[in-house]
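Quick notes on the structure that follows.
Only the coordinates and a few stated rules stand behind these numbers; no lab work does. This one's a predicted model, so the numbers in the text were calculated from it and none came from an experiment. Glycine also receives a Cβ, built like all others from the backbone with ideal geometry; neighbour counts cover every protein chain displayed.
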Amino acid sequence: MTQSDIQKELKIVLADTFVLYFKTHAFHWNVTGPRFRSLHGMFEEQYTEMWKATDEIAERIRTIGAFTGNNPSDIMKDATLDHVSQTPDANEMIKMLANDNREIVKSLKKAAEVAVENDDAATEDLMIERMQAHEEAAWMLESSIDKAA
């Protein structure tokens, strides 16, 4: 593995974070139903946290010598997460976001492993921090699923 391998994995992490950020933000705008207020607020907390993370990830990419994309399609071309084209109901939104938060952890683990192989403790540390954030987000979301629906 090489420095370019770390850059490649970080670009996937950035792409997945950006896709999940946008999906969470869109669900914040479009959620309806009796749990509107609580879900609207939770989604806002989560997309705000991810927006800050995109900057940290992109700056890490720059710190190790690569460039990020200059437009959303360039940035998101490496994503492993799927975009959403329709507005699901609130419970389905929660399930989708919880699943995506669990899935992004896979990209983060791979990037952390490549960082360890290349003696890049700063990237490893950032990836661990991001794993913790996404695991907590998934837990919060999964705890909010209406089992009766």
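Reported count of residues in the stretch 37-68, each being closer than 21 Å to A115 by Cβ and surrounded by 15 or more Cβ atoms within 10 Å (Cβ to Cβ), is 10. Looking only at residues in the stretch 83-124 that are of a type in the set (G, A, S) and crowded, with 19+ Cβ neighbours inside 10 Å, the one that is nearest to I12 (Cα to Cα) is S107. Among the residues making up the stretch 129-144, those that are over 14 Å from Y47 (Cα atoms) and under 13 Å from the mean Cα position of the chain (by Cα) are E129, M131, Q132, E135. Any residue at all in the stretch 108-120 that's under 18 Å from Y21 (Cβ atoms) and assigned to a helix (DSSP H, G or I)? Checked the stretch 108-120: at least one residue is under 18 Å from Y21 (Cβ atoms) and assigned to a helix (DSSP H, G or I). Taking the conditions exactly as written (surrounded by 14 or more Cβ atoms within 10 Å (Cβ to Cβ) and more than 29 Å from W29 (Cβ to Cβ)), does T80 satisfy them or not? When the stated conditions are applied, T80 does not pass them.
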